[in-house]
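Reviewing the structure listed below.
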Amino acid sequence: MRSIPVADQRSGSGMGDAAMARARSTEDVVVGDEIVRERLSARVVHWIVALTFFVCLFTGLPIWTPYLGFLAHLFGGLHVCRILHPWAGVAFAVASVFMFVQWVSQMKLTKADREFITPKGMLRYFQYRNEDADVGKYNGGQKLLFWAAALGTVGLLITGLVIWFPLEFPQWVREASYLLHDAAFSLFFAMIIGHIYLGTAAEPGTFRSMIRGTVTKSWARLHHPRWYREVTGEKAGG
């Protein structure tokens, strides 16, 4: 267990400021009634991935269908979108590599995590009816999302490169890449919508971990009880 010495703890906004200050360089630390969950570097990488994804989204949609052509005006026209989209895709892939390195050591699937692969497990996850006392810092759904996003990014990058340089590849590869790029995007977009829902409406208090870097003790005890016990040193049932 790691925690801030009592002499350094303060009530109210002072305590919150102390927690945010610690979140710049460390995590899994108790500061008063808060726990530092995500350090600054992890949060910055997360938001760069999010930003580049949405740039790819809004530049790609008007290219994909004329029905969404009005989105091109956000970037100065369809021609600009055609230039910006592939470069944004490269930036997204690079940022995703940094995110992968940041979290991969914490995303190993346990036997209990694999329950989320089943339809019943996924239904429980999205309804948030999982009350497993052994849930660590990241639950099975979050870990599966991590690996699915990694695979989806690889798929988008490879097929996107083929579409970007079509003359370098045979026709069948180009045609397959168009289909796979659209399929990978559709699945990725669905995952992102689920991720946003679970990080906001489904689990109030989660979003702050990617803004402030901290969560409340009560949030950690409810949603990630094993991680809470590991950080605070509290025994099960205590």
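Structure values in brief
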quantity: Identity of the residue in the range 193-238, among the small types (Gly, Ala, Ser) and closer than 23 Å to ALA148 by Cβ, that ends up surrounded by the most Cβ atoms within 10 Å (Cβ to Cβ); calculated: SER209
quantity: Qualifying residue in the range 72-79 (condition: surrounded by 14 or more Cβ atoms within 10 Å (Cβ to Cβ), touching a Ser or Thr at 6+ places or on another chain (Cβ under 9 Å) and closer than 30 Å to TRP164 by Cα); calculated: yes
quantity: Check on ARG226, out of contact with any strand residue (DSSP E or B) (no Cβ under 9 Å at 6 or more places or on another chain) and basic (Lys, Arg); calculated: yes
quantity: Test: GLY76 is among the small types (Gly, Ala, Ser) and in contact (Cβ under 8 Å) with a residue 24 or more places away in the chain; calculated: no
quantity: Candidates ALA42, ALA95, ALA88, filtered to the one that is modelled with pLDDT under 95, surrounded by 14 or more Cβ atoms within 10 Å (Cβ to Cβ) and not in a loop (DSSP other than H, G, I, E, B); calculated: ALA42
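The values are calculated or read from the model by the stated rules, or taken from the named source; none is laboratory data. This one's a predicted model, so the numbers in the text were calculated from it and none came from an experiment. A quick note on method: Cβ atoms are made from the backbone with ideal geometry, for glycine too, and the neighbour counts reach across all protein chains shown.
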